[in-house]
Amino acid sequence: MAHIAPTQVLEKDSTMLYEHEDAKATPTTDNSQHDVDDNDRAAALRIAKEADPGPDVLSLSQLQISTPGPCRFDGTVMSSINSMTQYQSYFGLSAASSKTGIVFGMYTIGQVCAFFPASYLPDRIGRRWCMLLGNTTLCVGSLLTGLAQNMGMFVGGRFLTGLGCTTAAAGAKSYLTEVTSPWNRGMWMGLLNSFFYIGQILASGISIPFGRGLSAWAWRTPILIQAAPAIINMAFVLLLPESPRWLYSRGRKEEAVLILAKLHSRNEDVNSPVIRLEIEEIESHISLSGADKRFWDFRPLFKTASNRYRFGLCAILACWGQLSGNGLITYFLPVLLQQAGITDSNRQRLLNFVNSVTSFLGAMCGVLLVDRIGRRKLLLTAAICCMCGMAIVSGLLSPVGIQSATRANAGISFIYLFMVCYSFGYTPLQALYPAEVLAFEVRAKGLALQGWITNAFGLINTFGLPSALAALTWKTYLIFLVWDVVGVAVIWYTVVETKQLSLEQLDEVFLSSTPKEVSFQLLREIKARAKAERAAESRLSA
């Protein structure tokens, strides 16, 4: 098929969206313009971006969309609290008992139950209200847990915390995916999931001084503080503009155009070529009577080969995002340190804090590179490094050979390096990639179902790991090593590249019979065109 020149594409696109009346723009419904192929659409979008590069990354309109970032404390705050003798004696627990698995697991059960509100609320009441209700539930759970007088109250609070956190996160993922542009979507979505480590650093950091206290407030205070980020979100989330794609799907086209212009145009110009192209793609791919209007209808997720492939990629992230060995470290690092010979609880909490900081640095490196090297390369790099790291940790912490403090310290060092590698690839992509590959009409349902699968796998960590660590000790690492090998193979053969493609372009990629190969070819052609255009500009300026 002959390609249309990019300049012709842009000229053609400039006539297809708006008819002007009294300086207002009204979207048209002319479908004759939808015959431009993916390559030409990408070229037109790139040229449009040159004409209107959009707001600066640090502008107010861009910074405000960071508000949905869920600063999730729970995994690390409970890991730190689990090492406190004050907490253990108050409830009669030990660090690696089956009761501990129940305490950790109740949070995961709450996340599993969040499947229902997370699949319904974002489409029914909007992304912002979903975040508000989820964070309100999280705060109630935090209060119940932090002020618990008995185990029943403590466990009930953890259930509500998990329910609220997952519901809020479902709204946040859909929201950020739909308000960010293809050029910075990777950065913002990567930051969304990396906020986990902000909570982790705060939780593990405040646990160090509080852990030295003798009263029950040593463990109550960190749990109560985990409500602070949710309160910040609750205070500001309704001040954000609603998702323009959600508004369009509700027939509120004029509002959608104005919000897109505010977020993606440097001068908030509704007639900007960038805005016209984005609206054209939204009009051609979002139905006003689609499955997102039927909260009970999950059939579209599996009805076509394209959607089955998309959700399969989500399931891959859910599986290896939980079972790469990260859960072993996130929840039970104090137990691992004890098995490696570090028994002082204050030192365990300090090393837990160090793990939070190094993991955050790894995640931020991934965020900075995700839009440069691409999603597939980032994920493969992380998976391969996790596999190698798990192999090294298994060898160093095994009883085979001469045991020494140096060897134990080396094992702990590689545990940290493992988490850096995991955070580098998996952390930015766990929020970004599923939200990218799912089509709009099934995005909220798909993210909810993917979250449910993620938490189902998480139950293995929370309920299975305490018993496995007690019975198998270092051999537990070997189980994760084998699974990491399988993960590398699965990612290599299935994962599609989505870098710099609009959400609507990805719809076209997945409709092909070979999505992975088509995505590679599309990116090669986009790079070749960009290189040719730069060469032409250089010749003209010479």
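Scanning for something more than 16 Å from E242 (Cα to Cα) and modelled with pLDDT under 90, does region 121-136 turn up at least one residue?
no
Which of the numbered conditions does R372 fail, given that it passes all the others? Conditions: (1) more than 20 Å from the chain's Cα centre (by Cα); (2) surrounded by fewer than 16 Cβ atoms within 10 Å (Cβ to Cβ); (3) in a helix (DSSP H, G or I).
It is condition (1) that R372 fails.
Tally the residues that are open to solvent by 30 Å² or more (accessible area, probe 1.4 Å) and at pLDDT 90 or above, restricting the search to region 163-188.
Total satisfying the criteria: 1.
May I ask you to say which residue of G401, G366 is without any contact (Cβ under 8 Å) to a residue 24 or more places away in the chain and not charged (D, E, K, R)?
Numbers: G366 fails: without any contact (Cβ under 8 Å) to a residue 24 or more places away in the chain.
Testing whether each residue is without any contact (Cβ under 8 Å) to a residue 24 or more places away in the chain and not charged (D, E, K, R) leaves just G401.
If I ask for residues that are under 15 Å from A170 (Cβ atoms), open to solvent by 10 Å² or more (accessible area, probe 1.4 Å) and hydrophobic (A, V, I, L, M, F, W, C), which ones from region 448-476 would you list?
L449, W452, I453
For region 104-116, state whether one or more residues are among the β-branched types (V, I, T) and over 22 Å from the mean Cα position of the chain (by Cα).
Within region 104-116, not a single residue is among the β-branched types (V, I, T) and over 22 Å from the mean Cα position of the chain (by Cα).
Among the numbered criteria (1) touching an Asp or Glu at 6+ places or on another chain (Cβ under 9 Å); (2) at pLDDT 80 or above, which single criterion is violated by Q226?
Answer for Q226: the failing condition is (2).
Look at region 436-447 and say how many of its residues are open to solvent by 10 Å² or more (accessible area, probe 1.4 Å) and not in a helix (DSSP H, G or I).
Number satisfying all stated conditions: 1.
Could you list, in sequence order, the residues of region 229-244 that are modelled with pLDDT of 85 or more, not in a loop (DSSP other than H, G, I, E, B) and not aliphatic (A, V, I, L, M)?
N233, F236, P244
I'd like the full set of residues that are assigned to a helix (DSSP H, G or I) and open to solvent by less than 40 Å² (accessible area, probe 1.4 Å), limited to region 217-226.
Scanning region 217-226 gives A218, W219, R220, T221, P222, I223.
So which pairs qualify, if the first residue must be in region 101-130 and more than 27 Å from L469 (Cβ to Cβ), the second must be charged (D, E, K, R) and outside any helix (DSSP H, G or I), the Cβ gap must be under 7 Å, and the two must be at least 6 apart or on different chains?
Cβ pairs passing all conditions: G126/E242; R127/E242; R128/E242.
Quick check: is even one residue across region 194-203 at pLDDT below 80, touching a Leu at 6+ places or on another chain (Cβ under 8 Å) and closer than 22 Å to V77 by Cα?
No.
In region 493-512, what residues are assigned to a loop (DSSP other than H, G, I, E, B), closer than 20 Å to L301 by Cβ and in contact (Cβ under 8 Å) with a residue 24 or more places away in the chain?
Listed by number, the residues that qualify are V495, V496, T498.
Among the candidates L143, L214, L160, L191, single out the residue that is touching a helix residue (DSSP H, G or I) at 6+ places or on another chain (Cβ under 8 Å), surrounded by fewer than 17 Cβ atoms within 10 Å (Cβ to Cβ) and in a helix (DSSP H, G or I). Don't jump to the end; show me each part of the working.
Numbers: L214 fails: in a helix (DSSP H, G or I); L160 fails: surrounded by fewer than 17 Cβ atoms within 10 Å (Cβ to Cβ); L191 fails: surrounded by fewer than 17 Cβ atoms within 10 Å (Cβ to Cβ).
L143 is the lone residue from the list that is touching a helix residue (DSSP H, G or I) at 6+ places or on another chain (Cβ under 8 Å), surrounded by fewer than 17 Cβ atoms within 10 Å (Cβ to Cβ) and in a helix (DSSP H, G or I).
For region 511-528, check the following and say yes or no: at least one residue is out of contact with any strand residue (DSSP E or B) (no Cβ under 8 Å at 6 or more places or on another chain), among the small types (G, A, S) and closer than 26 Å to G425 by Cα. Can you show your working first?
Within region 511-528, the first condition is being out of contact with any strand residue (DSSP E or B) (no Cβ under 8 Å at 6 or more places or on another chain), and the residues that meet it are 511-528.
If we keep only those that are among the small types (G, A, S) as well, we get 512-513, 519, 528.
Restricting the remaining residues to those that are closer than 26 Å to G425 by Cα gives 519.
For region 511-528, residues out of contact with any strand residue (DSSP E or B) (no Cβ under 8 Å at 6 or more places or on another chain), among the small types (G, A, S) and closer than 26 Å to G425 by Cα: present.
Any idea which of Y416, Y433, Y426 is open to solvent by 10 Å² or more (accessible area, probe 1.4 Å) and either part of a helix (DSSP H, G or I) or farther than 24 Å from G162 by Cβ (or both)?
After applying the criteria, what remains is Y416.
Check whether at least one residue in region 496-506 is open to solvent by less than 40 Å² (accessible area, probe 1.4 Å), touching a Leu at 6+ places or on another chain (Cβ under 8 Å) and β-branched (V, I, T), and report yes or no.
yes
Is it the case that region 111-119 has a residue that's open to solvent by 40 Å² or more (accessible area, probe 1.4 Å), polar (S, T, N, Q) and at pLDDT below 90?
Looking for residues that are open to solvent by 40 Å² or more (accessible area, probe 1.4 Å), polar (S, T, N, Q) and at pLDDT below 90, one finds none in region 111-119, hence no.
Condition first: within 19 Å of S194 (Cα to Cα) and polar (S, T, N, Q). Now tell me which residues in region 379-422 satisfy that.
T381
The values are calculated or read from the model by the stated rules, or taken from the named source; none is laboratory data. Keep in mind it's a predicted model, so treat the numbers as computed, not measured. Here Cβ is always computed from backbone atoms with ideal geometry, including for glycine, and neighbour counts include all displayed protein chains. For the accessible areas, the whole protein counts, side chains as well, though only heavy atoms, and no ligand, DNA or RNA atoms are used. Shrake-Rupley method; radii C 1.70, N 1.55, O 1.52, S 1.80 Å.
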